[in-house]
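See structure below.
The values are calculated or read from the model by the stated rules, or taken from the named source; none is laboratory data. On a predicted model such as this, the values are computed, not experimentally measured, just so you know. Here the Cβ is made from the backbone with ideal geometry for all residues, glycine too, and neighbour counts use every protein chain on show. Note: accessible area is taken over every heavy atom of the protein model, side chains too, but ligands, DNA and RNA are not part of it. Shrake-Rupley method; radii C 1.70, N 1.55, O 1.52, S 1.80 Å.
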Amino acid sequence: MAVMQELYITPASGLNSFVTLQLQSCREWKEEVLEVVQTVEQFLRQERFQGEQGLDREVRVLKVVKLGSLGNGTVLRSTREFELVVFLSCFCSFQEEARYHEAILSMMSEKVWCCQDLQQLGLQDLRVSKGVPHALVFTIQTKVTMEPITVSIVPAYRVLGPSVPTSQLPPEVYVSLIEACGGPGNFSPSFGELQRNFVKYRPTKLKSLLRLVKHWYQQYVKDRCPRANLPPIYALELLTIYAWEMGTQEEENFMLDEGLTTVMELLREYKFICIYWTKHYTFQNPVIEDCVRKQLKKKRPIILDPVDPTHNVAEKYRWDIVAQRARQCLKQDCCYNNGEPVPSWKVKGARDIQVTVQQRGYPDLTLWVNPYESIKKLKEKIWDSQHYCSLQRLSFQSPGSDRQLLKSQCYLSDYGFFSDTHIYLLETVPPEIQVFVKNPDGRTHAYAINPRRFILDLKQQIEDHQRLPKEQQELLFQGQVLQDWLDLEVYGIQDSNTLVLSKK
């Protein structure tokens with residue numbers, strides 16, 4: 001077997017050859033791996049688990065799917081680990097999968113030990129791995145290369161049915177997933193075919209970049225930090241796909257060295273990563289929207305599984321180690337051409353989002369901005385569009401929360417704006433202040449008023465806007481009922497304070 005060339009001493013101009021000669025699988029490797037995989041698949045399809053471990057029904061294997069690198073076509077020659085998802089007839093819901101998952105793994109373990117075909121291949125080290133989700137793991141000691149192959153089997157609920165959709169799923173599928181309240185990623189194997197296809201049908205050149213990134217990650221990160229809690233390779237795959245989508249506008253022909261450099265720069269700045277897709281789920285359903293928006297407000301990095309909105313595949317891992325290794329990679333020959341650093345694509349840590357600016361009495365204004373732009377810059381864009389001469393006061397309200405003022409020195413990301421959103425614009429002319437008035441239904445509106453004006457003047461504005469007669473209004477501030485003929489200053493009401501409105 002040829003000695004593996006070091007990536008770090010390969011010049012950027014030689015990366016295409018490096019992938020072809022060093023990373024793509026050879027015939028001998030393919031034959032050995034496929035023999036193991038086919039034997040395991042045949043065993044699974046032929047087995048029955050009827051009436052065991054508390055199950056009062058026949059358990060049939062509906063389908064076996066190869067996931068990971070082997071399934072999506074980006075497998076490395078050095079890869080010795082493979083994952084199979086087994087869709088079973090006993091799982092009719094996510095709740096049933098959770099209930100019987102351990103029992104099924106126990107039954108499978110017993111059957112695997114008794115399988116003569118697997119024994120002849122060199123079966124050893126059979127165990128249940130406590131992962132996300134739990135899996136049956138065993139090793140096959142191959143006879144040709146004498147290198148072990150590790151196989152993981154994950155039982156799952158066949159939520160997609162017999163055919164795999166190519167676009168958005170019915171929202172009921174994701175509503176049932178969210179309401180099942182499983183741990184993040186526990187039910188992701190049910191969407192495994194979508195995960196596979198998300199990568200499988202990408203251009204060949206992108207698969208070369210994926211191989212290159214995965215090789216770097218295995219050789220220079222995982223192998224050198226074997227005990228660290230490092231991100232799954234799937235997270236690196238998704239990050240690489242995002243970099244290609246944003247950096248090339250999905251061009252099939254691009255420079256491999258520029259792609260590698262871009263991925264390394266994104267990893268170096270991992271605290272700014274917030275990535276998601278809307279290919280299979282969108283914000284149209286309120287349950288899904290609430291789930292995704294909550295995910296996007298969590299600590300970054302955020303890389304949402306494009307097929308499972310409940311799973312941030314980047315959460316709770318040692319990205320600082322990955323970032324350190326990425327910085328080292330950027331100093332190596334693979335990121336240099338003729339002594340000059342390879343240029344990277346212009347890719348931001350998050351996609352641009354659509355911000356709809358609403359103002360009472362005016363048509364909505366739509367702007368495209370990046371979450372890492374400042375509120376001050378957003379105000380400048382609004383000014384350029386409308387040429388306001390008064391003071392702009394921007395605010396927003398999340399469902400179930402009070403209205404918040406957007407401060408000029410902050411960034412959109414500080415408020416969790418990583419998806420399309422609506423904000424409200426109020427113009428004030430000094431000495432006017434902005435006050436928020438919260439309705440009984442939880443919605444809050446903003447009003448501009450001089451703090452020396454009467455409470456009755458504010459009630460008149462509320463009547464004009466909401467058609468609620470001022471005689472029927474009762475306003476409270478800090479639990480105190482406000483009297484009509486006293487001004488706002490008397491009650492100590494300051495800018496952006498919230499008053500509570502009720503109907504007499």
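What length, rounded to one decimal in nm, is gained on full extension from LYS130 through to GLN409, with 0.36 nm per residue of separation minus their alpha-carbon distance?
Taking 0.36 nm per residue and subtracting the Cα distance, the gain is 95.9 nm.
From the convex hull of the Cα coordinates of the range 60-160, what is the mean projected area in square nanometres?
If I average the Cα hull's projected area over directions, I get 7.0 nm².
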> How much of SER163 can a 1.4 Å solvent probe reach, expressed as accessible area in Å² and rounded to 10?
Replying inline: 80 Å²
>> Distance cut-off 24 Å, Cα to Cα: go down the list LYS130/LYS316; LYS143/LYS207; LYS279/LYS331 and report the pairs above it.
In response: LYS143/LYS207; LYS279/LYS331
>> Using a Cα-Cα cut-off of under 28 Å, which lysines could be cross-linked to LYS470, ignoring same-chain neighbours fewer than 8 residues away?
In response: LYS438, LYS459, LYS503, LYS504
> For the range 431-504, max minus min Cα coordinate along each principal axis, in Å, sorted largest first?
Replying inline: 28, 24, 22
> Which of the trypsin sites (Lys or Arg not before Pro) found in the range 245-299 are in a DSSP loop and have at most 12 neighbouring Cβ atoms, other than their own, within 10 Å?
Replying inline: LYS299
> What spacing in nm lies between the two simple spin-label points modelled at LYS331 and LYS299, each 7 Å away from Cα in the Cβ direction?
Replying inline: 2.8 nm
> What distance in nm separates the simple spin-label points at VAL481 and ASN497, each placed 7 Å from Cα in the Cβ direction?
Replying inline: 1.9 nm
> In Å, what Rg and Dmax follow from the Cα atoms of the range 138-271?
Replying inline: 17.8, 49
>> Can you compute the label reach from ASP420? Point 7 Å from Cα along the Cβ direction, backbone N cut-off under 17 Å, restricted to the range 275-292.
In response: 276-292
>> Please list SER25, SER401 from largest to smallest accessible area, probe radius 1.4 Å, with all protein chains kept in place.
In response: SER401, SER25
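Can you flag which of LYS298/LYS379; LYS200/LYS377; LYS299/LYS407 are past 29 Å Cα-Cα? Mind dumping the intermediate values first?
Details: LYS298/LYS379 26 Å; LYS200/LYS377 40 Å; LYS299/LYS407 20 Å.
Correct reply: LYS200/LYS377.
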> When Rg is the radius of gyration of the Cα atoms in the range 244-314 and Rh is its Kirkwood radius, what does Rg/Rh come to?
Replying inline: 1.04
> Going through the range 182-248, which trypsin sites (Lys or Arg not before Pro) have at most 13 other Cβ atoms within 10 Å and a DSSP loop state?
Replying inline: ARG224, ARG227
>> For the range 381-438, take every pair of Cα atoms, bin their distances at 5 Å starting from 0, and report each bin as a whole percent.
In response: 4, 14, 26, 25, 19, 9, 2
> Using modelled amide H (1.01 Å from N, peptide plane; none on Pro or chain starts), what sits under 5 Å from the amide H of LEU230, excluding residues fewer than 5 places away?
Replying inline: ARG318
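Taking GluC sites (Glu not before Pro) that fall in a DSSP loop and have at most 15 other Cβ atoms within 10 Å as cut points, what is the longest piece of the chain between them?
Within the chain, the longest run free of exposed GluC sites (Glu not before Pro) spans 270-504.
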> Just the projected area, averaged over all directions, of the convex hull on the alpha carbon atoms of the range 336-459: how many nm²?
Replying inline: 10.5 nm²
> Net charge near PRO343, counting Lys/Arg +1 and Asp/Glu -1 over other residues with Cβ under 15 Å of its Cβ?
Replying inline: -3
>> Under 12 Å between alpha carbons, and skipping anything fewer than 8 positions from LYS66 in its own chain: which aspartates and glutamates qualify?
In response: GLU41, GLU81, GLU83, GLU193
>> With θ taken as phi - 60° and the coefficients 6.51, -1.76 and 1.60, list the Karplus ³J(HN,Hα) couplings across the range 191-205 in order, rounded to whole Hz; mark glycine and proline as x.
In response: 9, x, 5, 5, 4, 4, 5, 4, 9, 4, 9, 7, x, 4, 5
> How many nm separate the modelled label positions at ASP464 and SER401, each set 7 Å beyond the Cα in the direction of the Cβ?
Replying inline: 3.1 nm
